[in-house]
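Below you'll find the structure, written out as C-alpha cells, and then a few comments.
The values are calculated or read from the model by the stated rules, or taken from the named source; none is laboratory data. Everything numeric in this text was worked out from a predicted model, so none of it was measured. Positions of Cβ are backbone-derived with ideal geometry, glycine not excepted, and every protein chain shown enters the neighbour counts. Ligands, DNA and RNA are stripped out before the accessible areas are found, and what is left, the full protein with its side chains, is counted by its heavy atoms. Shrake-Rupley method; radii C 1.70, N 1.55, O 1.52, S 1.80 Å.
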Amino acid sequence: MDAIQFIYLVPLLPLVGFLINGLGRKTLSKSLIGLIGSGVIFLSFCISVLIFIAVSKEGFTTQDIQYFDFINVGKLNIPFEFQVDQLTSLFLLIITGVGFLIHVYSTSYMKEETQSGYGRYFSYLNLFVFSMLLLVLGGNYLIMFMGWEGVGLCSYLLIGFWFKEQENNNAAKKAFVMNRIGDVGFLLGIFWLISSFGTISYHDLYNSSNGIITSISAINSPAIVAITLLLFVGACGKSAQIPLYTWLPDAMAGPTPVSALIHAATMVTAGIYMIARSNILYSLAPTTLDVIAVIGTLTAIVAATIAIKQNDIKKVLAYSTVSQLGYMFLGLGVGAYSAAVFHVMTHAFFKALLFLGAGSVIHAMGGEQDITKMGGLGKKMRVTYITFFIACIAISGIPPFSGFFSKDEILSAAYASNPLLYYIGLGGALLTAFYMFRLLALTFAGKFRGTEDQLHHVHESNATITIPLVILAVLAAVGGLVGIPEVFVKNGNKLNDFLSPVFAHSAQIIASQEVPHQTEIILMIVSVILIITTSVWAWKKYKEYQPGTGEESVFGKAIKNKFYVDEVYDRIIVKPLNALSRLLDNVIDKKGIDGIVNGVGRGVNYGSRQLRLLQSGQVGSYILLMVIGMLLLFIIQLFTK
Amino acid sequence: MEIKWYLFLSIALFCIGMIGALTRRNSIIVFMCIELMLNSVNLLLIAFSKMHMATVNAFGTSMATSAQIFVFFIMIVAAAEVTVGLAIIVMMYRNTHSIDINFLNRLKN
C-alpha cells in the first residue's frame, strides 16, 4: 500500500504547477517559473518511481482506488477512481521521466520568450502532463476520457502557442478538429459500453475473477466488435493513424520541445495505451484486431514513404512518429500487446531525443528548419551529433540499441500472424533507416550549405539542453535491454514478464503463435543486414549532398507533396462542407429563418397599423361596436346550444 | 294579461333606447336613452317576477323576490351612474361650451 496511497499526488503536482505558473505568469521570475514547472514533474517522477517499485514487488495485485462518486444517475454509478497496475506504472514512468527531461530542456530552449509567454508555456506544459497522467491513471473510461480531452486541448494550446501567426493557429485548429473526429468515436464507444454492460470501470469489466468482459467467451459478438471499432476510431485520431494522421505533421508549428512532448511522452501514445488497457475487449474481437493491424501497417509504410522526401527536419521526424505509431498498432493488431507497449517506451526515448536534438540544431541555426540548408554541423555540435546518431541507430533498429528489440518483437509477432504484414513492416523499417540516415547525413555531414551569418552563429547548445540529450541517448541505447528476446537470453524479456499480468487473460483467448527460434534468428539477421545496408547507402548518398536542379519523377513529386492527402481532404470534405455551410447561411438562415423572424415582426407592425384605425375616438362608434359584439355573442350562444 | 305583451313593450323600449344612444350626439339624450334601456330591463324583470310568483326557490321562498331585489340594484346603480354622468356633462359644458359627445375625441392619435 505504502507508495500507492500517494498516487493522487502524481497528477496533482503538475496541476498545482499549472495553477501557480498560469496565475503567476506575470509576477514570477523566469527562473522561478522554470523551477516550479520542472520541479513538480520531477516530484511526480520520484513518486512514480516509488510506485513502480511497489508494483514490481512480488504478489502485487491490481489496485483500485476510489475517491468520490463522480456521476451517480439511476443505476449508473461512475466513481472518480484510479487504477494502478503494471501498465499504469510503466506509463507513469515514461510520462513523468521523459516529460521532466523535456521540461528541463524547455527552460533553456524557451529563454527568449517574454516573461508572461514563458509562464504560459510552462503552465500549458504542466497541464499537458497532468492530462496525460489522468488519462493513464483513470480507473474507468470516463476518467480516461477527461485526460483524453485534456491532452487534446493542451495540444491545441501548445501547437498554437505562437498564435500571432495565422499558420500556427490553422495547425492548432486542424489538430483539434481531427482529434474531435476521433473523440466522437471514442465517446460513442463509451456510451455503447455503458448501454451494453452498465459500467465502464476497468475493475468491473476486466477483473480477472468476475469481470463482465472477462467472463464473456463469445468471440466477435457484434456489440463488442462495434465498441472496439468505435474506440479504435478515437485511437486513430489521437495516435495519428490513417485516415486521421494529417494533423500530426502540421503540429510541428508549435515549439520543438512541445513536439517532443506530444510525440514521445504524451498525447500520441494515448491510443496505444487505451487499446492495451482494453486488451481483453479487443482480444474478443479478432475482426477489429485485423482492422488495426492493416491500418497500422498501412500507416507505417505510407508515412515512412512520405518522410523520405521531406526537407523540414521536424516534418521528417513527425512522419517518422506516424510511421512508428503504425508499428505499435501493428503490434496491437497481431495481439502482441506487450511488444507494442515496449515500442511505446523505446520510441519515447529515441523520439524525444530526436526532437530535442532537432531543437538544438534549429536553435543553433537561428530558426532554420530546412535540412537542405544545413550540413556539416557535426563538427561544431559534437554532443548533439553523437546523441542524434545514437537515436538514428535506435530508431532504425540496429542492435543492440533499443529500437531493434521492440521493433523486432513486433515484427516477429507480425510474421507469426501473417507473413505479408511482416514484409510490409520490414519495408517500412528499411524506409525508416533510409530517411533517418538521410536526415543525419544532410544535417551533420558534408559541407555547410547555409549563409555565412548562420555559419558563425552555429554553436553547441548549453548544458541544460545537452544534459537531457545525453540522458535520453543513454536510455535510447540501453533501454531495449529490458526486453531481450528469448532467442538470445532465457527469460531475457523482463518487460514482457512484468506486464504479463495485464495481458494474461488475452493470452488465453488469443492462442499465441510462436515463430520457431531458428526462423526468428534468420529473420533477424536478414532484417539487420538489410537495415544496415540501407543506412550506409543513405549515408553515402546524402553525405556530399549539393542542392541540385534534378527533375522530380511523378512519384517523387507525389511523395514530396505527401500524396496530396491534405488536398484530397480539402477537396472532398472541407470544400463541400464549406459550400454546405455557405448554403445554409445564405439560403436557410438569412432567407428562411431570418425571413420568418422579420416577417412576424413586419406582419404585427402592419396589422396593428390597420387595427389602430378602429380607435377613432368617436364614442358612438365604440358603442356600436359594443352592441355588435354583444349581438354576436348572443348569436353564438343561440347556435351553439 | 299575457306575459308576451310585457316582453314586446320591454323590447321596444330597449330598442328605442339603443338606437337613440347610437344615433344622437347630445350627451344628455344619450344619457336618457341609457336610462331607458336600463328601465326596459327592469320592466322585464318585474314581469317575470310576477309570472314566477308561485314558483319556490331552493330556500323555500318565492322566486319573485330575487328578481325584485335585482330591480332595486339596477335602480341604485343607475342613480349612482346618473350623478357621475351628469357631473361629467356639467364639467364638459364648462370646458367646451358643448355637450356633443363627438367633441371629446382628443385621445385619438
Next item on the list: Note the angle between two axes, namely the Cα long axis of helix A:9-23 and the longest principal axis of the Cα atoms of chain A, as a number of degrees from 0 to 90, rounded to the nearest 10.
Entry: 70 degrees
Margin query: Take residue A:460 and residue A:580, extend 7 Å from each Cα along the Cα→Cβ direction, and tell me the distance between the two endpoints in nm.
Written below: 5.7 nm
Next item on the list: Anything over 23 Å Cα to Cα? Flag those among A:111/A:174; A:26/A:314; A:407/A:543; A:238/A:314; A:351/A:447, in the order listed.
Entry: A:111/A:174; A:26/A:314; A:407/A:543; A:351/A:447
Note to self: How far apart, in nanometres, would the label points at residue A:587 and residue A:447 be if each is projected 7 angstrom from Cα along the Cα-to-Cβ direction?
What the structure shows: 6.3 nm
Checklist line | chymotrypsin sites (Phe, Trp or Tyr not before Pro) within segment A:315-391, DSSP loop, no more than 10 other Cβ atoms inside 10 Å | finding: none
Next item on the list: Express in whole angstrom the spacing between the alpha-carbon centres of segment A:575-602 and segment A:15-62.
Entry: 51 Å
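For the protein assembly as shown, what is the calculated [θ] at 222 nm in deg cm²/dmol (nearest 500), taking -39500 (n - 2.57) for each run of four or more DSSP H residues and dividing by its residue count?
Rounded to the nearest 500, the figure is -23000 deg cm²/dmol.
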Checklist line | Gyration tensor verdict on the protein assembly as shown (Cα atoms; rounded if a/c is under 1.5, prolate if a/b is larger than b/c, oblate otherwise) | finding: prolate
Notebook entry, point to check: Given a 1.4 Å probe and every protein chain left where it sits, what share in percent of the accessible area of segment A:285-545 is carbon and sulfur?
Noted result: 66 percent
Checklist line | Those aspartates and glutamates that a straight Cα-Cα span of less than 17 Å connects to residue A:557, excepting residues fewer than 8 apart in one chain | finding: A:312, A:566, A:567
Item checked: Selected from A:341, A:264, A:353, residue furthest toward positive end of dipole (segment A:246-391; charges at beta carbon) -> A:353
Item checked: Loop-exposed GluC sites (Glu not before Pro) per DSSP, neighbour cap 12 Cβ within 10 angstrom, longest uninterrupted part of chain A -> A:166-513
Notebook entry, point to check: Quick one: Cα convex hull volume of segment A:404-453, Å³ per residue?
Noted result: 78 Å³
Checklist line | In Å², nearest 10: area of residue B:56 left accessible to a 1.4 Å probe | finding: 90 Å²
Margin query: For a quick check of your reading of the filter: which trypsin sites (Lys or Arg not before Pro) in segment A:67-140 sit in a DSSP loop and have no more than 10 other Cβ atoms within 10 Å?
Written below: A:75
Checklist line | Rounded to whole Hz, the Karplus (6.51, -1.76, 1.60) HN-Hα couplings of segment A:83-96, x for glycine and proline | finding: 10, 10, 9, 4, 4, 4, 5, 5, 5, 4, 4, 4, 5, 6
Check: Per residue, how much accessible area does segment A:370-433 have with a 1.4 Å probe, in Å²?
Finding: 30 Å²
Check: Quick one: if the Förster radius is 30 Å, what FRET efficiency do residue A:470 and residue A:373 give, using the C-beta to C-beta distance and rounding to 0.05?
Finding: 0.65
Notebook entry, point to check: Once both axes come from the Cα atoms, what is the angle between helix A:222-238 and the longest principal axis of chain A, in degrees from 0 to 90, rounded to 10?
Noted result: 70 degrees
Check: Each residue of segment A:310-324 in order: what ³J(HN,Hα) in whole Hz does its phi give by Karplus 6.51 cos²θ - 1.76 cosθ + 1.60, θ = phi - 60°, with x for Gly and Pro?
Finding: 7, 10, 8, 4, 6, 5, 4, 5, 5, 5, 5, 4, 4, 5, 5
Margin query: Could you tell me how far the Cα centroid of segment B:1-66 sits from the Cα centroid of segment A:375-394, in Å?
Written below: 117 Å
Next item on the list: Note the full-extension length gain between residue A:218 and residue A:621 as 0.36 nm times their separation in residues minus their Cα-Cα distance, in nm to one decimal.
Entry: 136.5 nm
Note to self: Along its three principal axes, how long is segment B:3-99 when you only count alpha carbons? Whole Å, largest extent first please.
What the structure shows: 56, 26, 12
Check: So what's the angle, to the nearest 10 degrees on a 0 to 90 scale, between helix A:494-509 and the longest Cα principal axis of chain A?
Finding: 50 degrees
